[in-house]
Structures are given as C-alpha cells and as structure tokens.
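The values are calculated or read from the model by the stated rules, or taken from the named source; none is laboratory data. All figures in this text were calculated on a predicted structure; none of them were measured in a lab. Note that we place each Cβ from the backbone using ideal geometry, even for glycine, and neighbour counts take in every protein chain shown. Each accessible area value is taken on the protein alone, full model and side chains, heavy atoms only, with ligands, DNA and RNA left out. Shrake-Rupley method; radii C 1.70, N 1.55, O 1.52, S 1.80 Å.
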Amino acid sequence: MQDQILVSVKDLHTHFELRRGVFGRAGIVRAVDGVSFELRHGEAIAVVGESGCGKSTLARTILGLYRPTKGQVLFEGRPLDGDLRWYRAQIGYVQQDPYGALPPFMDVHRILTEPLVINNFQGDRERRIREVLEEVKLTPVEDFLYKFPHQLSGGQQQRLVIARAMILRPKFIVADEPVSMLDASVRVEILELLRALQRSHDLTVIYITHDLSTVRYFAERIFVMYAGKLIEKAPVQQLLKDPKHPYTQALLAAIPDPDPANAKTFKKVPPGEPPSLVNPPSGCRFHPRCPAFIAGLCDKETPPEFEPSPGHFVECWLYR
Amino acid sequence: MTERPVSQGQLIWRRFRRHKLGTLGGIIIVILMVLTLFAHFIAPYDYATQRRRFAYAPPTKIHFFDKEGRLSWPFVYGIQRERDPRGRWIYRENTDQVYPIKLFVKGDPYKLFWLIPTDIHLFGTGERDLNSPGQIFLFGTDDVGRDLFSRTLIGGWVSLSIGPLALAISLTLAIVFGGISGYFGGGWDNFIQRMIEVLNSFPGLPLLLALAAILPPGLPPAISFLLIIMILSILGWGGTARALRGLFLVLREQEFALAAKAMGASNARIIFKHLLPNTLSYLIVSATLGIPGLILAEASLSFLGFGIRDPMTSWGQLLNQFTDSTITNLTYHPWLMIPGFFIIVAVLAFNFMGDALRDATDPFSVQGR
C-alpha cells in the first residue's frame, strides 16, 4: 500500500477575483499558483509557509471546497469535478479554530451524527460515535456525549473536530494549522493524537502549519510554500539539515532557540514583507528579498523545479 | 443507554422559568388563548344578537348577598330601563326580580370549535326572551345592545390569531428569501434585495387602507380575515429578511459552515440545519416582538373601520365605536374601553415573553446551566 499514489495534484491554480462595485474588476488574487505533488498511501506531509502564502487555500482546494482555476486534483486517479459526494467520505478536515468549526447549538452527539447522516453511513451509528470518541480519548464517552462545544476546553474541542473528521473512516486527512489556536501545553497532545491516528489507520495526512518546530513531530516530507508556490519539497531530515532555497534557509534560521545566550540578540530574518498575491514579483517571487539574487535572471524568469539531490526538489535558479 | 443530562429544550425552559415577568406574560397569553378558544362556550350570548331594549347598558352587578344580607348563590337583579330628566335611557336594578346565575344553560346556538353545533353556555340567567329583564352583561352592552363580554371573547380570537398566522407566513417568506439572499449572494441576492426595497417603499398604512377600501363590502368575514393576514404578512417580511440576510452573510463564512460543506452537506441542509438555528434567538425575538405589532396593526385597521367589519368583531373593531362620538361615549359609557385594555395586556404579555425567550435561547448564557 505504501507506494500507491493516493492523491496527486497537477499544476493547481486557485485564483480569486477581486471585485469593485458591480462590474469593476480590481484584480486577481493568485492564492495558489502552480502547485504539483503526489502523496502516497499512509504518508504524512507538512506544508509550511508564512501567513497569507496560500496554505489554507491550497487545503480547501484539495478538499474540494474551492474549484481550481486551472489544473486538477486526483484522488485514487479520479479527478475532482462535478458531484463530489463520493469524495466526502474519503476525506476529513481538521480546522484551525476548533470552537469556530463546531456548530454552537449542536451537542457532541448531534455533531458526530451529521456526517453519518449526510453520507448515509450504513451500520450501527451509535456504536461508531462511541468508537470514535474513544479513539480521540474523549472518555468516559458518557460525560461528553451531550455536551455543547462551549462546555468543552480548547483541547477537547479540537479532539471533537478530529473525531468528526475521522468518523467516516477516511483515507485522507487535511489538517489546517490544527494546533495554532491551542495552548502550548495541549499542542503536543493533539499532535501526538494525530500522529497515532495516522499510524494506526494508515492515513494520508496533509499537515499545514506556519510553525516549523512542530513539523518534526509529524511529517515525512516538508513542502515549503511561498506566495502560492511550493518552492521546496524534501524529506524532513534532509530539509532541516540541508535547506536549499534561500527562503527555507531564512525560515530555519528564524526558529527560536531556547538558549539563554540568545536572550539579547535578534535572529536574522529576510528583509521586506511577504509579497502581494495580487501583483506578485516577476520571475522568482522571492527575488526582492533574496540574499543570493542573480540580477537579470531571478527577476526575469520563473525558476522551474530542480532536483539537486534525489527526492529533494527546489524552485531556485541557484541549482540550475 | 445513558441518561441525557439535560436537553437543550429543558435548558431553555429552565432559563425561561427563571424570568418572572416573562413567565407571567406566558401565563397571561395561555389564559387569553384558552378564553378565546372556548369563547363561544364561555360567552353567555352570541356576538351578533342585539338586545335593543338594553342599548348601552352598564356592566351588570353580580350579587352574593340577598336583600336581607344573607349569603346566597350568585344572582343578578332584573334590569329596569327608565328615562332620566334629560331624556336619556338609564338602567337600574329592580330588586324585586331575582335571577340566579345558572351554569351550563341553554342559550344562543353556536358551533364549538367551528364544528360541533350546540347551545350550551358556561353561565347565564337562562332567559331566552331578548326583552326579559333578567340579563347578564359582564362588560355592559354597545349601542345596539350586544353583550360586550361575549364580543370581547369572540373578537379576541381574531385579534390573537391574526398575529401568529400573519407572522408564520411572513417569517417563512423571510427565512426563504433572506436565507437564499445571504447564503448564495450574487445575482439572487441583488434581485431579492431590490425586491425588498420596492416592497418597503410602499407607504404601509395608506396602502392597507386603499386595499381595504376596494374590497367589496359584502365580503364574507372569513375571506376578509384571510386577506388582512395576507396583506400584513406580505408587507411585513422585508425587514426580517434583510436582517436574516445579514446574519447568513456572516454565518456562511463561519468555519462550521465550511466544515458542513466539507462533509458533503447539501446547501439546503447547511442553510436550515447548520445556519438557521444560529438565528433562532433573533427569530424568536423578532416573532414575539412582531406579534404585538401585528395585533396593533389589525387593531388600527379595524379601529379605522377597514379591517374586520361588523358584525364580525375583534378588539380593534370594538374600539371602533369611539370614532363617531368619542367624548359622549367615553364619559357615559366608559365600559366600551374594556377591549382596549385587552389589547394592552396582550401586547405587554407578548413583549415580556419575547424578552424572556431571548435570554433563554441564548446558547452562550452561562447562568442557569
């Protein structure tokens, strides 16, 4: 199973039109702009990037919530278009803000019943609800079954969101910053829970985060996203040890290091701001901030994907 | 199977009960509803029967002690009509004629619940002769000698049912159009919003008066009742639909709407099961505060003589008698204002209940777990 391709994303573009007034067109937001990758069965990957680089849009396009402008997503070789009902039971969605993701007037039982009813789950629904609550460790189940989201703690809410994503026994989970809204003390528990579920159910997981320090817990490969593109894709250890793209290098350098000697110094961060997705820079999108900028090339031509070492892909002219 | 701690309904009920004024309002509404539902039975007379000999008779006194001061079964004295020095009819009690109040007496025929024909009334003197002095008019009579108590009860049915019925129609319209408008947005949104604007730019009262005026005078009361409901609800849904659209615009962007979409819920399911319940608190407030408005709208229409017409009656229509000779009527026949008191009580009760329900349905309220 391990080597079978479950999901493949081909040259995916998701653009949004900015409107002004009724007919005016103010521009196009290129939130996802040419993304391709393949995920094997049971593989966990992490997508990292700054806020506003298109991570969440990528997640939602893969979930079939947004229609891609160009390119396509294939699940088990079947393209996502038209009626996606077959796909819904195969995929779970774990959101960033667990409180917002849970309808406030439904109790736990009702929240977990919804996906079963919508996807016409055959079999013992009550039993499945109990099973999944036990799996996410909301136990004893009886204490939680008829509670409302606002009666749960943040960590419990996120467990419930995970339970909802898991209840239809999906093959594929998209977790969009699942721990960024939680207390630091709860984060590790939730990540470990996700990891355990991923292993025991042989799940394919896309873990989206802006926090490189949590990636190690989780993923086998890391994709670095910048301004709507995946600029570097590599196995975790390789990327952490030997980052190729100047942006990835800067990102890694910016991870806080809890050494008292660093208390008085500041980390070096790339100058400038994340680029606008409406008018992205020409050529390589990182070139205005890049320390290794090659004039006449980086600002003119968009770099294609190079493979400096096997399995390590990078979109940067330095590796041409 | 485990027992449920407390259901949402129980929670709402508990919090509602804690609200004293709201509970009082609820009790008053229930009492009024029961009174008006059994109106024909409780009322001693038919609402249209005229006892011309007793025009403008004041409320009849019920006596519990006879002439010798002994406690007795409640009775009324015969009503005797004479002219005062100015030539106006005045009424006195003739203490020689005693009419004990009887329970479950035969009287004017009617249909219980508009279905079962019968002529049993809860109480009365049992006198079938329209001119018999043994009459019981708890709230007095009007200009043609119709019993105001009976008319108030029977008219109450019209006044109290117009509100909820018109509201049911206008809320349905508001939910459907507001929901579509807010959830789908785009062209539909634009179209529906412009439609509401056109609707809201009609001048309400003049339009109602004009519509009522072109209705043929011989229209059966049931039809004109339904027409008033239609007119009130068609004119009334715009504002609520607007507010709902705003709520849906916010709600559809919420993460839980996205979650429902990601699990494959249909648009209708998302709108009605996932988003609509979030507007419940607003809907309840808008409904309970809307009912008094509709009661008052019907009352104003009928008061002006364009709503419910004689001999059919409603609380507003009963006040219509003040339009001709206000001062004289008020000075000499103050009991004619009693239906107005019922309007005030009903409107206040609905407002109190709405307020309590709003607090009780708020899912974020912590008190009253």
Item to check | With every protein chain in place, segment B:51-145: carbon and sulfur % of accessible area (1.4 Å) | outcome: 58 percent
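Between B:LEU211 and A:TYR319, how high is the FRET efficiency from 1/(1 + (r/R0)^6) when r is the Cβ-Cβ distance and R₀ = 56 Å? Nearest 0.05. Before the final figure, lay out the partial values.
Numbers: r = 79 Å, r/R0 = 1.41.
Efficiency for this residue pair is about 0.10.
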Checklist entry - What does the charge add up to near A:PHE37, with Lys and Arg as +1, Asp and Glu as -1, over the other residues with Cβ less than 15 Å from its Cβ? => result -3
Checklist entry - Taking K and R as +1 and D and E as -1, what net charge do the other residues with C-beta under 11 Å from the C-beta of A:ILE118 add up to? => result +4
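Return the loop-located chymotrypsin sites (Phe, Trp or Tyr not before Pro) in segment A:201-267 (DSSP other than H, G, I, E, B) with at most 11 other Cβ atoms within 10 Å of their own Cβ; answer none if there are none.
On the way: sites: A:TYR207, A:TYR217, A:PHE218, A:PHE223, A:TYR226, A:TYR247, A:PHE266; in loops: A:TYR217, A:PHE218, A:PHE266.
Answer by residue number: A:PHE266.
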Checklist entry - Does segment B:51-145 come out rounded, prolate or oblate, given a ≥ b ≥ c as the square roots of the eigenvalues of its C-alpha gyration tensor, rounded meaning a/c under 1.5 and, failing that, prolate meaning a/b above b/c? => result oblate
Item to check | B:ARG92 paired with A:GLU220, simple spin-label distance in nm, labels 7 Å along Cα-to-beta-carbon | outcome: 11.0 nm
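Using only atoms on other chains, find how many Cβ atoms lie within 10 Å of each Cβ of peptide A:114-121 and report the average.
Taking the mean over all residues of the peptide, I get 4.
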Checklist entry - So how tilted is helix B:204-214 from the main axis of chain B? Cα-based, degrees 0 to 90, rounded to 10. => result 60 degrees
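Taking square-rooted eigenvalues a ≥ b ≥ c of the alpha carbon gyration tensor, is chain A rounded, prolate or oblate, where a/c under 1.5 means rounded and, failing that, a/b exceeding b/c means prolate? Mind showing how you got there, number by number?
On the way: a/c = 1.81, a/b = 1.50, b/c = 1.20.
In terms of gyration-tensor shape, prolate.
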Checklist entry - Any idea what angle helix B:8-18 forms with the longest principal axis of chain B, computed on alpha-carbon atoms, 0 to 90 degrees, nearest 10? => result 50 degrees
Checklist entry - Got a sec? Which residues of segment A:61-84 lose 40 Å² or more of accessible surface with every protein chain in place, vs. that chain alone, 1.4 Å probe? => result A:LEU65
Checklist entry - In square angstrom, what is the accessible area per residue of segment A:104-169 with a 1.4 angstrom probe? => result 38 Å²
Next on the checklist: I'd like the orientation of helix B:186-200 relative to chain B: the angle between its Cα long axis and the longest Cα principal axis, in ° from 0 to 90, rounded to 10.
Outcome noted: 20 degrees
Checklist entry - So how compact is segment A:171-236: Cα radius of gyration and Dmax in angstrom? => result 12.1, 35
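With the contact rule set at Cα under 8 Å and sequence spacing of 6 or more, what percent relative contact order holds for chain B? Could the numbers behind the result be given before it?
Working: 556 pairs, mean separation 84.7, N = 369.
Normalised by residue count, the contact order of chain B is 23 percent.
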Item to check | Accessible area expressed per residue, chain B, with surrounding protein chains retained (probe 1.4 Å, Å²) | outcome: 49 Å²
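Quick one: net charge of A:ALA227's neighbours, Cβ under 10 Å, K/R +1, D/E -1?
Details: positive: A:ARG30, A:LYS229, A:ARG285; negative: A:ASP33, A:GLU50.
Cβ neighbours under 10 Å give a net charge of +1.
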Item to check | Anisotropy class of chain B from Cα gyration tensor, a/c 1.5 cut | outcome: prolate
Checklist entry - Could you give the nm distance between label points at B:ARG17 and A:ASP202, where each point is 7 Å from its Cα heading toward the beta carbon? => result 5.5 nm
Checklist entry - Of A:PHE293, A:GLN95, A:TYR217, whose Cα points farthest to the positive end of the dipole of the protein assembly as shown (charges on the beta-carbon: +1 Lys, Arg; -1 Asp, Glu; origin at the Cα centre)? => result A:GLN95
Checklist entry - How big is the equivalent ellipsoid of segment A:104-169 along its three axes, where each semi-axis is √(5λ) from the Cα gyration tensor, reported in whole Å from largest to smallest? => result 18, 12, 10
Item to check | Positive-pole candidate from B:PHE64, B:TYR99, B:GLY140, dipole of segment B:51-145, charges at beta carbon | outcome: B:GLY140
Item to check | Accessible area buried, both sides summed, chains B and A with 1.4 Å probe, Å² | outcome: 2500 Å²
